[in-house]
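Inspection log for the structure reproduced underneath, given as structure tokens.
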Amino acid sequence: MDPLSAAALGNLNLGFVCNKQSVDGQDGLEGYYCEYDHPLEVDQRLVFARHLEAPLFDPAAAPALPVASWPKPRLQKAHRNYAMEYVRTAAPVMVQLFGPEDAGYLLHLTGKLIGMQYYDDVARALSGQHGGARECAALLSALLAAQDDIAEVSESADRFQISQQSWTLMADVNDYHPACSRILHGLFKGLAAGCGRHIAIDLTAATDGRPPFVWSIG
């Protein structure tokens, strides 16, 4: 229900018409999708039309997937793909909407909050432990491996360095901007905060904001 949906669904003719918003004192958030006969620009994919009424929702006519018969791995893959595609489309659009500086700040903050909130779930899935820089480096290394990213860990003078050679999630995003890497930096900082107190994480990246990334943890 936003400008990202068309890109996520692979249909650039698809737009959303919003005709009610509860934040405006109306009786709910209401709208509907409209498929046009031509591709829409980013700023055309969301239209506010408060003078229109959305069609009544008919559950019988709405498309539905046979999720009840899907095995658990398939459902997990669908949830994973949705989450990945949302980040892949949302991050570049945020840069377009807010500019690199403000978008970078918002992406970093969002990533950090997510990392702090979901640390326990991530650590449980990857056999991570609370602790210091060593435990944090082990967790981040395991997370990168789970993402099919190539990374190497080294240790020097009580600091750990992770050399990340790929970022599979964003590898083929055409409208990628260096500010998009701020979301990964924020995520890792949030996970570090969940792992233990006073764990610092610094990121060194190329000017284009793409790998290789060098993470310094101490």
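The values are calculated or read from the model by the stated rules, or taken from the named source; none is laboratory data. Computed from a predicted model, the values in this text were never measured in an experiment. Positions of Cβ are backbone-derived with ideal geometry, glycine not excepted, and every protein chain shown enters the neighbour counts. Areas reflect the complete protein model, heavy atoms only, side chains present, ligands, DNA and RNA absent. Shrake-Rupley method; radii C 1.70, N 1.55, O 1.52, S 1.80 Å.
Summary table below
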read-out: Under 5 Å, built H, 5+ apart or other chain: amide partners of K20; value: E30
read-out: Solvent-accessible heavy-atom area per residue, rounded to whole Å², over the stretch 1-147 at 1.4 Å; value: 66 Å²
read-out: 20 °C / 1.002 mPa s Stokes-Einstein diffusion coefficient of the chain, Kirkwood radius on C-alpha pairs, µm²/s; value: 108 µm²/s
read-out: Potential lengthening between F48 and Q26 on full extension [0.36 nm per residue; Cα-Cα distance subtracted]; value: 6.6 nm
read-out: For the chain, built as a Gaussian network whose Cα springs stay under 10 Å, the top-fluctuating residue of A157, A145, A60; value: A60
read-out: Choice from R134, R50, R182 showing the highest fluctuation, given a GNM over the chain with Cα pairs closer than 10 Å; value: R50
read-out: For the stretch 179-218 versus the stretch 19-48, the gap between their alpha-carbon centres in whole angstrom; value: 36 Å
read-out: The chain - percent of accessible surface contributed by carbon and sulfur, probe 1.4 Å; value: 56 percent
read-out: Test item: Cα-centred dipole of the chain, Lys/Arg +1 and Asp/Glu -1 on Cβ, debye; value: 720 debye
read-out: More than 16 Å apart - percent of Cα-Cα pairs taken over the stretch 110-210; value: 56 percent
read-out: Burial order of peptide ranges 163-172, 22-31, 186-195 (average beta-carbon count within 10 Å, highest first); value: 186-195, 163-172, 22-31
read-out: Cα-only radius of gyration and Dmax that characterise the stretch 81-143, units Å; value: 14.3, 39
read-out: Förster radius 35 Å - calculated FRET efficiency between D202 and A61 (Cβ-Cβ, nearest 0.05); value: 0.05
